[in-house]
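Single-structure report; data block below.
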Amino acid sequence: MKINTFQDYQVWQKAHKLVLEIYKVTKDFPDSEKFGLVAQVRRSSSSICANIAEGYRKSTKDFIRYLDIAQASLEETKYHLILCKDLLYCSEDVFNELFVKTEEVGKMLQGLMVKLRHYK
């Protein structure tokens, strides 16, 4: 499949679905977390997609750097999800479902970086 836009990357598509699910889950969090944890987990998760989008038109070296930043945002998102679970803002089942998806996105990011490094 030819990549014409960042939206053509499967990793972006999967990460975008993760962001949408995080928005859905966090809308029911306590109002007191609106500018705290809700904002943080939404920002870090959307940063994954934003970095893929921002980097895809750059040189291969720069794209890899943006993907690495996306990976860092993914790790931050994982921590925020752990915190959500530990504060009992989401159930263990919801946490597990989201965490599995973060793992999938992480593997896809790593795979894309390896592929790009191989074809530099």
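What the table shows:
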{"read-out": "Binned Cα-Cα distances of the chain, short to long, each 10 Å bin given as a whole percent", "value": "14, 46, 26, 12, 2"}
{"read-out": "Kirkwood Rh in Å, taken over the range 30-83 so that all alpha-carbon pairs contribute", "value": "11.6"}
{"read-out": "Set of lysines with alpha-carbon distance to K85 below 24 Å, sequence-local pairs under 8 removed", "value": "K14, K17, K24, K27, K34, K101, K107"}
{"read-out": "Whole-Å semi-axes of the ellipsoid equivalent to the range 56-120 (Cα gyration tensor, √5λ, descending)", "value": "30, 11, 6"}
{"read-out": "Chain lengthening between D8 and K34 when straightened (0.36 nm per residue, less Cα-Cα)", "value": "6.1 nm"}
{"read-out": "Positive-end residue, the range 1-54 charge dipole about Cα centroid, Cβ charges, pick of C49, F29, F6", "value": "F6"}
{"read-out": "Under the Debye formula (equal points on every Cα, no solvent term), log10 I(q)/I(0) of the range 1-72 at q = 0.20 Å⁻¹", "value": "-0.81"}
{"read-out": "Length-normalised contact order for the chain - Cα pairs under 8 Å, 6+ apart - percent", "value": "28"}
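Bear in mind these aren't lab numbers, they're just calculated from the coordinates by the rules spelled out. Keep in mind the model is a prediction, meaning the values are calculated, not measured. Every residue, glycine as well, gets a Cβ built from its backbone with ideal geometry; the counts of neighbours run over all protein chains shown.
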